[in-house]
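Chemist: Pasting a structure here, questions to come.
The values are calculated or read from the model by the stated rules, or taken from the named source; none is laboratory data. Predicted model, so just to flag it, every value in this text is computed and none were measured. With ideal geometry, Cβ positions are generated from the backbone for all residues, glycine too; neighbour counts draw on all protein chains shown.
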Amino acid sequence: MSDFLLELRSEEIPARMQVGARAELEKLFRREMDAAGVETGDVTVWSTPRRLALIARDLPDATKAVSEEAKGPPEGAPDQAIDGFCRKNGVTRDQLEVRDVKGRATYFAVIEKPGRAVRELLADAIPAIIRDFSWPKSMRWGEASLSTESLRWVRPLSGIVALLGNDVVECEVHGVTSGAVTLGHRFHHSGDITIGNAEDYAMKLRAGHVVVDHEERQDTIRQLASEAARTAGLTLVEDEGLVVENAGLTEWPVPLLGRFERDYLDVPPEVIQLTARVNQKYFVCEDSDGKLANAFVCTANIESTDCGSAIVDGNRKVLAARLSDARFFWDVDRKHTLADHAKGLERITFHEKLGTVADKVERVAKLARWLVEEGIVKDADPDMAEQAAQLCKADLVTEMVGEFPELQGLMGGYYARAEGLPVEVADAIRDHYKPAGQGDEVPTAPVTVAVSLADKLDTLISFFAIDAKPTGSKDPFALRRAVLGAISLIQENGLRLRLRDAITNSHPDEFLGGTPIAISEDDGAFRPLSDSEKLDIRRNRREETSDSLLEFFADRLKVQQREAGVRHDLIDAVFGLGGEDDLVRLLSRVKALQSFMGTEDGANLLAGYKRAANILKKEDWGSEPAHTGDEDPMENVDDPDMRAVYAAATEDRTQKTLSYTPEAAEKALIDALDAAEPKAANAIEAEDFAAAMSALASLRAPIDAFFEEVTVNADEENKRHARLDLLARFRAAVHNVADFSRIEG
């Protein structure tokens, strides 16, 4: 057993590609070994800016000999077929075996494949790994690059170290020959480094000022950067992405702290941090009050004799130039109000079918105001909500956001404060993109909630109106993210929003392709459409869009709730009621249903329901109603006496319509339904869904007894019809709470 070392050395590998390159190297190595029948155990992969390294532990010296069989033609087959079979498998006729296959003598070739030295396998595998390596971007170089068949690599490949145990695995790729020699740090080490085996690889490179383990470099940067800030009385702002990136840029990391002029602190701190991070890969620091300090930490790749003074000074000058640009943008943008900036949105196309960004802003402002005025978003000023919506996209045309698109929204909030706009408006502009993804903060400030929800709803409604829905893995307009953001806002803030109402109030008819003014007759002539026909067309298109969007909400809600442990079929069961588009009420109903279905009563009631539904379906007895629980024929009747008469008649309707004396179990089910139906209806009206489930639970024993003791398909037609009606009534009672036909189990 021996350890194998492979180092692929090249010019600088971009830091952003190194994580993927490590995974690719291990994947291709395992592929080659698996194909050769070599078992691979522990594999370690490292990366630096100038090399990828792989160490595979305990590889065998040779593969095991194997015996393979191949079935050939039967005895008596033409000589050409038998000879061809022999040539294909590398055997002679006298080496063939004859075996019985279903009563017929058939030739078999038994091929003994001897074991092969793993060193030879590796010599073939290394060129294959290099040739098949997939980079996000690659290049050709040298004279060979004139041919499209030449090797492609992320940067010119300059060296290969390949050792199995203490011996070199000899191979050649694109003129580069494998060996045991590598190079150390570009500045701290000159000359070759000869590697003895996998065990001394990391140690010898460390002596050459190269920390080959990327995780060790990351730990060094975390520790020394924090210590540099702490020594200056500051706290380093943690940034794991920056740690990984700096580790990918250095082979011998040396974090150094520097200072920039305090005047730049007048610029918003996020701008300074983004400038330092994106442009220069610097960390920033905070003072004891948690405010951004005029300090940065850069990561050098060398140890200098002046303790890094020259390096820090050079980095400070570069950062100062960047911060000077940022301050210029900040000053220039504040010379105009957000309302002035917003005029520039008329020049930006949101979508060719949806108009400009200014058009979108107008729709969002209208919807945000409606959300507040309807009391859906409470405790918000409608004028503030409308104003914030009108200005929420204005920073898109500012110099700062043009330079740093990541700051959209955030800069609008800063400019609003600088302009003296109300805090609620500034906060809404700043946070209206939230939540931007899973785990992101969900706004709770009323004005912010109104603008954020209006923005997301408008995006969803608009793109669904032009039939630009997500398909498969394609979602070019991030509609899945938008709907999850809208769901989070509704849930977190308990917003009682009917989605169809929102669609009605934010659904311009022109997005539906316009309304035709004439229709073609059978004779080819065109007949003008009447106003009522145009209205019907718009209504139908609006309804189709609403149905499609509600289905999209349901699908995303199922995905979100599945992660929270809620069964998707229970969400289907509630959506299946029809007309339920209040997500807060829907989820409350789903949670109550899930709790109920986890009980013995729930499981047994479901079994009884399915049995009743199957009987009704087999008998083709009525259709399954889709009730919401909200129907009340007397809801518009104010006379209490009339309502009492109706209630009494309803309570006694079953007995009055029966032409026979019901059996005991039949009568018990009738009585149970008489008691449970009003209780469930009242509970649903009060949105006490747990109580509604409790009312249904009272039907469990009666329906079980009914099926046990009563013959539904009685010989007497009047009994059969009455009992089928009773089962239909039971089904309808259950459907007032949820569509149990959609529940699995």
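Chemist: Suppose we keep only residues that are of a type in the set (Val, Ile, Thr) and crowded, with 18+ Cβ neighbours inside 10 Å within the stretch 284-305. Which one would you say is nearest to Ala207 (Cα to Cα)?
Modeler: Out of the qualifying residues, it is Thr299.
Chemist: Here's another thing I want to ask about it. Do you know which residues across the stretch 476-522 are at pLDDT 80 or above and not in a helix (DSSP H, G or I)?
Modeler: Pro476, Phe477, Ala478, Gly494, Leu495, Arg496, Leu497, Arg498
Chemist: Out of the stretch 189-213, which residues are among the polar types (S, T, N, Q) and either part of a loop (DSSP other than H, G, I, E, B) or surrounded by 14 or more Cβ atoms within 10 Å (Cβ to Cβ) (or both)? Talk me through it step by step, then tell me what you get.
Modeler: Narrowing the stretch 189-213 to residues among the polar types (S, T, N, Q): 190, 194, 197.
Matches in the stretch 189-213: Ser190, Asn197.
Chemist: Right, here's the next one. Among the residues in the stretch 346-358, are any surrounded by fewer than 20 Cβ atoms within 10 Å (Cβ to Cβ), of a type in the set (D, E, K, R) and part of a helix (DSSP H, G or I)?
Modeler: Yes, because at least one residue in the stretch 346-358 is surrounded by fewer than 20 Cβ atoms within 10 Å (Cβ to Cβ), of a type in the set (D, E, K, R) and part of a helix (DSSP H, G or I).
Chemist: Scan the stretch 89-113 residue by residue and report those that are among the basic types (Lys, Arg) and free of Cβ contacts under 8 Å to residues at least 12 places away in the same chain.
Modeler: Matches in the stretch 89-113: Arg93, Arg99, Lys102.
Chemist: What's the number of the condition Ala117 fails, among (1) under 19 Å from Ile13 (Cα atoms); (2) surrounded by fewer than 16 Cβ atoms within 10 Å (Cβ to Cβ)?
Modeler: Only one criterion in (1) under 19 Å from Ile13 (Cα atoms); (2) surrounded by fewer than 16 Cβ atoms within 10 Å (Cβ to Cβ) is unmet by Ala117, namely (1).
Chemist: Evaluate the following for Asp239: is it surrounded by fewer than 21 Cβ atoms within 10 Å (Cβ to Cβ), within 29 Å of Val45 (Cβ to Cβ) and in contact with a Lys or Arg (Cβ under 8 Å, 6 or more places away or on another chain)?
Modeler: yes
Chemist: For the stretch 120-137, give me each residue that is of a type in the set (Gly, Ala, Ser) and either touching a strand residue (DSSP E or B) at 6+ places or on another chain (Cβ under 6 Å) or in a helix (DSSP H, G or I) (or both).
Modeler: Hits for the stretch 120-137 are Ala123, Ala125, Ala128.
Chemist: Quick one: in the stretch 450-487, which of the residues that are polar (S, T, N, Q) and surrounded by fewer than 23 Cβ atoms within 10 Å (Cβ to Cβ) is nearest to the chain's Cα centre (by Cα)? It would help to see each step written out before you state the result.
Modeler: Taking the stretch 450-487 first, the residues polar (S, T, N, Q) are 452, 459, 462, 471, 473.
Cutting the leftovers down to surrounded by fewer than 23 Cβ atoms within 10 Å (Cβ to Cβ) gives us 471, 473.
Values: Thr471: 14, Ser473: 10 Å.
Going through the qualifying residues, I end up with Ser473.
Chemist: Test of understanding: among Gly314, Gly290, Gly258, which residue is assigned to a helix (DSSP H, G or I) and either more than 24 Å from Ala418 (Cβ to Cβ) or within 36 Å of the chain's Cα centre (by Cα) (or both)?
Modeler: After applying the criteria, what remains is Gly314.
Chemist: Specify the residue that is surrounded by the most Cβ atoms within 10 Å (Cβ to Cβ); the eligible residues are those in the stretch 144-168 that are in a loop (DSSP other than H, G, I, E, B) and in contact (Cβ under 8 Å) with a residue 40 or more places away in the chain. Let's see the steps before the verdict.
Modeler: First pass over the stretch 144-168, keeping only residues in a loop (DSSP other than H, G, I, E, B): 147-152, 154-156, 165-166.
From what's left, in contact (Cβ under 8 Å) with a residue 40 or more places away in the chain: 154-156, 165.
Numbers: Val154: 21, Arg155: 17, Pro156: 15, Gly165: 17.
Among those residues, the one meeting the criterion is Val154.
Chemist: Can you pull out every residue in the stretch 317-337 that is in a helix (DSSP H, G or I), closer than 16 Å to Gly402 by Cα and touching a Ser or Thr at 6+ places or on another chain (Cβ under 9 Å)?
Modeler: Listed by number, the residues that qualify are Arg322, Leu323, Asp325, Ala326, Phe329, Val332, Asp333.
Chemist: Please identify the pairs in which a residue from the stretch 289-304 that is within 22 Å of Trp252 (Cα to Cα) has its Cβ atom under 7 Å from the Cβ atom of a residue that is in a loop (DSSP other than H, G, I, E, B) and of a type in the set (D, E, K, R), counting only partners at least 6 apart or on another chain.
Modeler: From residues that are within 22 Å of Trp252 (Cα to Cα), the pairs are Asn301/Glu251.
Chemist: Pull out all pairs, ordered by first then second residue, where Cβ-Cβ is under 8 Å, the residues are six or more apart or on different chains, the first lies in the stretch 574-591 and is without any contact (Cβ under 8 Å) to a residue 40 or more places away in the chain, and the second is part of a helix (DSSP H, G or I) and of a type in the set (Val, Ile, Thr).
Modeler: Every condition considered, the pairs that remain are Leu586/Ile571; Leu586/Val574; Val590/Ile571; Val590/Val574.
Chemist: Within the stretch 238-255, count every residue that is assigned to a helix (DSSP H, G or I), of a type in the set (Asp, Glu) and more than 24 Å from Asp313 (Cβ to Cβ).
Modeler: The qualifying residues number 1.
Chemist: Residue by residue through the stretch 130-143, note down the ones that are under 19 Å from Thr48 (Cα atoms) and surrounded by 15 or more Cβ atoms within 10 Å (Cβ to Cβ).
Modeler: Ile130, Phe133, Trp135
Chemist: Given the conditions (1) in contact (Cβ under 8 Å) with a residue 40 or more places away in the chain; (2) surrounded by 12 or more Cβ atoms within 10 Å (Cβ to Cβ), which single one is not true for Ser67?
Modeler: (2)
Chemist: Let me ask something else about it. State which residue is surrounded by the most Cβ atoms within 10 Å (Cβ to Cβ) when the search covers only the stretch 39-64 and only residues that are among the hydroxyl-bearing types (Ser, Thr, Tyr) and within 36 Å of the chain's Cα centre (by Cα).
Modeler: Residues of the stretch 39-64 among the hydroxyl-bearing types (Ser, Thr, Tyr): 40, 44, 47-48, 63.
Applying the additional criterion that residues be within 36 Å of the chain's Cα centre (by Cα) yields 40, 44, 47-48.
On the way: Thr40: 16, Thr44: 16, Ser47: 24, Thr48: 26.
It comes out as Thr48.
Chemist: Determine whether Leu577 is buried (at least 16 other Cβ atoms within 10 Å of the Cβ), closer than 24 Å to Glu543 by Cβ and either at pLDDT below 85 or over 26 Å from the mean Cα position of the chain (by Cα) (or both).
Modeler: yes
Chemist: In addition: For Pro435, which of the numbered conditions (1) over 24 Å from Arg347 (Cα atoms); (2) surrounded by fewer than 19 Cβ atoms within 10 Å (Cβ to Cβ); (3) under 27 Å from the mean Cα position of the chain (by Cα) fails to hold?
Modeler: The one condition Pro435 does not meet is (2).
Chemist: Output yes when any residue across the stretch 217-237 is within 28 Å of Phe329 (Cα to Cα), assigned to a loop (DSSP other than H, G, I, E, B) and modelled with pLDDT under 95, and no when none is.
Modeler: no
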